[in-house]
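The values are calculated or read from the model by the stated rules, or taken from the named source; none is laboratory data. This is a predicted model, so every value here is computed, not measured. Heads up, the Cβs are rebuilt from the backbone with ideal geometry, glycines too, and the neighbour counts pull from every protein chain shown.
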Amino acid sequence: MNFSLTTDQKSLLPVLGIATSVTLLYTTYRLLTPSPYKKIPIPGSRYPYVGHMFSLGSHPGDTIAAWHKDLGPIINIRMGVQDWILIDDPFLAHKVFVTNGAETSYRPHNVYGHDYHNVGGKGVSFSQPDGHWKVTRAAAKDLVARLLESTKTNGSVDPFVDLELYAMNVIVTTAFCKRYDTVTNADFIKLTKVTEQTNINCAVENDLSNFLPIVSLYDYFFGKQAYQKQFVENERNPFLRRLIEEARQEEGSNIVKSFAEDGFELTNDQELGIIADMLVGGNDTTSVTLCWNIAIMCNHPEIQQKVASEIDTFIERNGRTPTFKERDQVPYCIAVMKESMRYRTTTTFGLAHTSKNDLCVDGYLIPKNANIISSMESMHMNPTVYHQPTVFNPDRYLNSQKTMQASANGKIEDRDHFNFGWGRRICPAIYLAETEMFMAFIELFSTCFIEPIDNQMPNLQDKLSGGLTVFPKGYQVKFIKRA
Ligand code: HEM
């Protein structure tokens, strides 16, 4: 074998020599010069190339919470080639996402979320509509009637699918002027499949191609991405396009028609992206939150009694149940709903943000393009933020009667919980979600009492990951009509 160098290669030698010396000097300088930034701790158990990908366990929220407990309010994990900066201190999170919102309001590229779910980034968040009152109220009454009926017929009920129907009906009524009467309706079943699938695919911890670029080609043709692409292009999009076309022909007003009526010149893909955002953003989140609430209330009959007696007092005075505008007259109910969302978070991580530039906050360097994530679950169990966080105690919110919408957009000191995210990318539908939850809650506890089956309380400790959302383990309860 001939190892002699060509003239061209020889001429490169001094350049290579200089480059090597500069690299060595720079490395030595970096090693000897203390960094001006505080070190962001990295938890143990990571592996070459894949980093922490296989260390998150079946419920990443618990693992991350344990790491925060050991290492503090900000940690850095490696997901393949990506850096994730996780924060569980609300004050630090506020500085990162709100004070520096201009920098950190970007979304990192998520293969499924951006390329497929949002039809190549065409989805935009919608502003929450007012005037949802009548739709929501009728749907809440229907929900409770179904839960009572199922209990009567079957002895008990797993409420989740009825809660999904309730949440879905609020969205499809607004978007398409439609409603589904039963959980066996074929379009309803298809829509729940779309939302479940999207929630799993869009979860920050499921973005394999971005973690490990080396597998992205395989993934695109044969792996999960191939399946996701097939699902969105062949199943989801034709189905949603049909619903959009049907909505255009409907008599009443709906969001699809309002796009054109209000002068928005949207392409078909943009329209599809927005509708997909509404359906996915608005379904599981609300139904999972209510599902936890019912499980928690079944475990706390004494709290159910207090809630029922507060609503009864209102009814005695006014001859009807309270509206959302009269929420200040049922402060204990509001406190229970807020505590329920704190005690069992709706999403483990919400949606990731990213920063276009390096960012220095509180002495920490957050590198550009890192995924910046609020560890919601850990934050809600942070004892420096909430006294005795593992105790379900609605009294902690008796002096926090602002709407969740006002609280989420107000001063950090006044925030009730962090389920709706942060800054410029905060959930645009907080008001809708909280109205919807309020209606279901009031209708439920003004009408029934929730009881366990054979003293088997719903399990509050086991959490199942639904991708973006965190579910309670399936349970059965009885809805008993109050005298
Ligand atoms: C309990 C109910 C809900 C919870 C806990 C929730 C939570 C969240 C969270 C954590 C985010 C990410 C915020 C961030 O990036 O910092 C978000 C964004 C979003 N949510 Fe919600 N959400 C709920 C209900 C809804 C409903 C009912 C809809 C629609 C009908 C909806 C539509 C959206 C949309 C479109 C975005 C994306 C906003 C953007 O990227 O700018 N959400 N939500």
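Of the conditions (1) more than 16 Å from the ligand (Cβ to nearest atom); (2) of a type in the set (Lys, Arg); (3) in contact (Cβ under 8 Å) with a residue 24 or more places away in the chain, Arg415 satisfies every one except a single condition; which number is it?
Status for Arg415: all satisfied but (1).
Collect the residues in segment 287-309 that are near the ligand (Cβ under 10 Å from one of its atoms) and not hydrophobic (A, V, I, L, M, F, W, C), keeping them in residue-number order.
Ser287, Thr289
Among the residues of segment 56-100, which ones are at pLDDT below 90 and polar (S, T, N, Q)?
If the condition is that a residue be at pLDDT below 90 and polar (S, T, N, Q), then Ser58, Gln82, Thr99, Asn100 are the ones that fit.
Quick check on this structure: which one of Asp277, Asp328, Asp284, Asp312 is in a helix (DSSP H, G or I), at pLDDT below 95, under 30 Å from Arg344 (Cβ atoms) and more than 16 Å from the ligand (Cβ to nearest atom)? Before the answer, list the steps.
Details: Asp277 fails: more than 16 Å from the ligand (Cβ to nearest atom); Asp284 fails: more than 16 Å from the ligand (Cβ to nearest atom); Asp312 fails: at pLDDT below 95.
Selected residue: Asp328, the only one of Asp277, Asp328, Asp284, Asp312 that is in a helix (DSSP H, G or I), at pLDDT below 95, under 30 Å from Arg344 (Cβ atoms) and more than 16 Å from the ligand (Cβ to nearest atom).
Among the residues that make up segment 324-335, is at least one of them within 22 Å of His417 (Cα to Cα) and under 14 Å from the mean Cα position of the chain (by Cα)?
Step one: of segment 324-335, the residues within 22 Å of His417 (Cα to Cα) are 324-335.
Remaining after also requiring under 14 Å from the mean Cα position of the chain (by Cα): none.
The answer is no; no qualifying residue exists.
So the check is Cβ under 8 Å with 6+ separation or different chains; which pairs have a first residue in segment 52-64 that's in contact (Cβ under 8 Å) with a residue 12 or more places away in the chain and closer than 18 Å to Ile372 by Cβ and a second one that's β-branched (Val, Ile, Thr) and assigned to a loop (DSSP other than H, G, I, E, B)?
Pro60/Thr348; Gly61/Thr345; Gly61/Thr348; Ile64/Thr348
Any residue in segment 260-272 that is farther than 17 Å from Glu196 by Cα, without any contact (Cβ under 8 Å) to a residue 24 or more places away in the chain and in a helix (DSSP H, G or I)?
Residues of segment 260-272 that are farther than 17 Å from Glu196 by Cα, as a first pass: 260-272.
Okay, now just the ones that are also without any contact (Cβ under 8 Å) to a residue 24 or more places away in the chain, so 260-266.
Pick out the ones that are also in a helix (DSSP H, G or I) and you get 260-261.
Yes, the conditions are met somewhere in segment 260-272.
Taking into account only those residues within segment 362-399 that are closer than 15 Å to His94 by Cα and within 16 Å of the ligand (Cβ to nearest atom), which is surrounded by the fewest Cβ atoms within 10 Å (Cβ to Cβ)?
His380
Scan segment 387-416 for residues that are in a loop (DSSP other than H, G, I, E, B), closer than 18 Å to His300 by Cβ and in contact with a Lys or Arg (Cβ under 6 Å, 6 or more places away or on another chain) and report the count.
0
Can you tell me which residue in segment 418-470 is nearest to the ligand (Cβ to nearest atom), limited to those that are of a type in the set (S, T, N, Q) and touching a helix residue (DSSP H, G or I) at 6+ places or on another chain (Cβ under 7 Å)?
Taking segment 418-470 as the starting set, the residues that turn out to be of a type in the set (S, T, N, Q) are 419, 435, 446-447, 455-456, 459, 461, 465, 469.
With the extra rule that they be touching a helix residue (DSSP H, G or I) at 6+ places or on another chain (Cβ under 7 Å), the set shrinks to 419, 435, 446-447, 469.
On the way: Asn419: 4, Thr435: 10, Ser446: 21, Thr447: 22, Thr469: 8 Å.
Looking at the filtered set, the residue picked out is Asn419.
Determine whether Ala65 is away from the ligand (no atom under 14 Å from the Cβ) and not in a strand (DSSP E or B). Break it down stepwise before answering.
On the way: away from the ligand (no atom under 14 Å from the Cβ): yes; not in a strand (DSSP E or B): yes.
For Ala65, the condition - away from the ligand (no atom under 14 Å from the Cβ) and not in a strand (DSSP E or B) - is met.
For segment 149-200, give me the residue count where each residue is part of a helix (DSSP H, G or I) and closer than 15 Å to Gln476 by Cβ. Please lay out each step first, then the result.
At the first step, the residues of segment 149-200 found to be part of a helix (DSSP H, G or I) are 149-154, 160-176, 186-200.
Subset that is closer than 15 Å to Gln476 by Cβ: 150-154, 160-163.
Total satisfying the criteria: 9.
For segment 290-309: of the residues being small (Gly, Ala, Ser) and over 16 Å from Arg344 (Cα atoms), which is surrounded by the fewest Cβ atoms within 10 Å (Cβ to Cβ)?
Just the residues of segment 290-309 that are small (Gly, Ala, Ser), to begin with: 295, 308-309.
From what's left, over 16 Å from Arg344 (Cα atoms): 308-309.
On the way: Ala308: 18, Ser309: 11.
Looking at residues that are small (Gly, Ala, Ser) and over 16 Å from Arg344 (Cα atoms), I get Ser309.
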